[in-house]
Amino acid sequence: MNWKLIFQLSIFGLIMAFATVSLIPQNFEPLFWLVIFVFCAYVIAKVCPGNYFLHGFFVSLVNCVWITSVHIVYYKRYIDIANHPQMASLAKNMPASLAIHPKLAMLIVGPIFGAIFGIILGTFSFIASKIVKKK
């Protein structure tokens, strides 16, 4: 496993974490992620000698750490109804046990989303490894 590459590619997750707090509205976020995933898959396919799926999966898991941490630290700004109306709505409709601790809910759900998106980026990386030619 190329942990240096995984960490370097995860910096996109850190940038997106801060960007989604106040700059990028929720409806444009998937477009940014698509571009990032395609770029990461290309780099993984170009640089790594194997384990393409695992490299993509671990990039998303590290992304999840960055994103969850930043969103918890800047929770009030992130949940602002102007930028993330769906998140504000979800926060209001949480079960009572989590509604009093929405940051805890983010801490629980973050790794689940990280794993789901890890499967997606891992699949992108595997597919890219079949298309991209090595150096």
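Okay, here's what the table says:
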{"read-out": "Candidate residues Tyr52, Tyr42, Tyr78: accessible-area rank, largest first, probe 1.4 Å", "value": "Tyr42, Tyr52, Tyr78"}
{"read-out": "Computed label-point distance, nm, for sites Val38 and Ile131 using a 7 Å Cα→Cβ extension", "value": "0.8"}
{"read-out": "Phe18-Thr123 pseudo-label distance in nm [points 7 Å out on the Cα-to-Cβ vector]", "value": "3.2"}
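The values are calculated or read from the model by the stated rules, or taken from the named source; none is laboratory data. None of the values given here were measured: they were computed from a predicted structure. Quick reminder, even Gly has a Cβ in these numbers, built from the backbone with ideal geometry, and neighbours come from all protein chains shown. With ligands, DNA and RNA removed, areas are computed over all heavy atoms of the protein, side chains included. Shrake-Rupley method; radii C 1.70, N 1.55, O 1.52, S 1.80 Å.
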